[in-house]
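Q: First the structure, then my questions, so here it is.
Laboratory data are not the source of any read-out in this text; all were calculated from the coordinates shown. Small disclaimer: the values here were computed from a predicted structure and weren't measured. Note that we place each Cβ from the backbone using ideal geometry, even for glycine, and neighbour counts take in every protein chain shown.
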Ligand code: BTN
């Protein structure tokens, strides 16, 4: 009874409600919704072996609260009860990790498509994997690979999207952050958007497996907030490079027109910022 009450009050994530929005996925999806967990990506990474023994179902872990949510470059991912959507998906790719360049970029494309389908327009991407609105971070993607370069590899795809950040969380996030409530003025149904994301992700991952990133390249560039802009790329070992963003390659590396010519930078521990 208490659970029903709080579920109504803040619209808790609910497995059955989410699956209602993914009717034809229901038989193939193994959806685990946790109230509290350290990290949905840790959960899947720690249980890859167990899930490999299963049939070919798509395993997804979602949580209301993560106590150790992780972002890229060793950063934490902050969220709180009802404040966002935090979930991870385990997906096997038979051709190995060597063909998975660009995977995290394709996930961004799926997220933009879904948000636009809910009339949340003007959502952009920032290479490699930030989801932006008006230059503030709405969400992010963290892809972690396990397995072989050639031969089967497992990808754990972690996604965080802010729905309604409390001020306590906002104050500890070390960059401009936004959420769907701030953007739309509406309390969007997390279960419905979660269902739509699962549908789009399953479909886009099949297309990605069949065609690679090049298939999505033009669409990705059309969403890139920094295309044609002056940026600074922060590289490992405290170095950086400045230049104008000039597209992206089939392997997901970003192209920059720099004083030393047109160079490409691969997805790694690199972050990008606008310059004047
Ligand atoms: C980033 O922008 O740095 C990536 C953020 C990814 C956060 C998600 S939330 C669900 C999953 N579990 C985690 O611990 N991290 C990812």
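Q: Using alpha-carbon pairs under 8 Å, 6+ residues apart, how would you state the relative contact order of the range 161-276 in percent?
A: Relative CO of the range 161-276 lands at 17 percent.
Q: Return a whole-number percent for the relative contact order of the chain, with Cα pairs under 8 Å and 6 or more residues apart as the contact set. Let's see the in-between values first.
A: On the way: 537 pairs, mean separation 47.7, N = 276.
It comes to 17 percent, rounded to a whole number.
Q: When the convex hull of the Cα atoms of the range 126-253 is projected onto a plane and the area is averaged over all directions, what value comes out in nm²? All intermediate terms of the calculation are to be shown ahead of the outcome.
A: Numbers: hull surface 40.9 nm².
The orientation-averaged projected area of the Cα hull of the range 126-253 comes to 10.2 nm².
Q: Working from Cα positions, state the angle (0 to 90°, nearest 10) between the long axis of helix 190-211 and the longest principal axis of the chain.
A: Taking Cα atoms only, the helix is inclined about 50 degrees.
Q: Enter the angle in degrees (range 0 to 90, nearest 10) between the Cα long axis of helix 103-117 and the first principal axis of the Cα atoms of the chain, meaning the one along which they spread out most.
A: Helix 103-117 and the main axis of the chain meet at about 60 degrees.
Q: Then there is this: Give me 171, 98 sorted ascending by neighbouring Cβ count inside 10 Å, so fewest comes first. Write out the running numbers ahead of the final one.
A: Numbers: 171 9, 98 12.
Least to most surrounded, the residues fall as 171, 98.
Q: To check my understanding: the extent here is largest minus smallest coordinate of the Cα atoms along each principal axis. What are those three numbers for the range 1-134, in Å, largest first?
A: 50, 44, 33
Q: Just from its helices, what would the mean residue ellipticity at 222 nm be for the chain, if runs of 4 or more DSSP H residues each count -39500 (n - 2.57) and the sum is divided by every residue, rounded to the nearest 500 deg cm²/dmol?
A: Numbers: 9 runs with 81 residues, N = 276.
The per-residue figure over the chain is -8500 deg cm²/dmol.
Q: Place the peptides 185-191, 150-156 in order of packing, highest mean first, counting for every residue the other Cβ atoms within 10 Å and averaging per peptide.
A: 150-156, 185-191
Q: Same structure, new question: Taking every alpha carbon pair in the range 197-276, what does the distance histogram look like in 5 angstrom bins from 0, in percent?
A: 3, 14, 22, 23, 15, 11, 8, 4, 0
Q: Here is a further query. Given a 10 angstrom Cα cut-off, can you work out which residue in 113, 146, 75 is the most mobile in a GNM of the chain?
A: 75
Q: If contacts are Cα pairs under 8 angstrom and at least 6 residues apart, what is the relative contact order of the range 64-156 in percent? Walk me through the numbers before you get to the answer.
A: Working: 130 pairs, mean separation 30.4, N = 93.
Reported relative contact order: 33 percent.
Q: Compute the normalised compactness of the chain: alpha-carbon radius of gyration over 2.2 N^0.38 Å, N being the residue count.
A: Values: Rg = 18.4 Å, N = 276, 2.2 N^0.38 = 18.6 Å.
Normalised Rg, Cα atoms only: 0.99.
Q: Here's something else I'd like to know. Take the alpha-carbon centre of the range 240-256, take the same for the range 114-160, and report the distance between them in whole Å.
A: Between the Cα centre of the range 240-256 and that of the range 114-160, the gap is 18 Å.
Q: Sort 24, 224 so the one with the fewest other Cβ atoms within 10 Å of its own Cβ comes first. Show your work: numbers first, answer last.
A: Working: 24 9, 224 20.
Result, fewest neighbours first: 24, 224.
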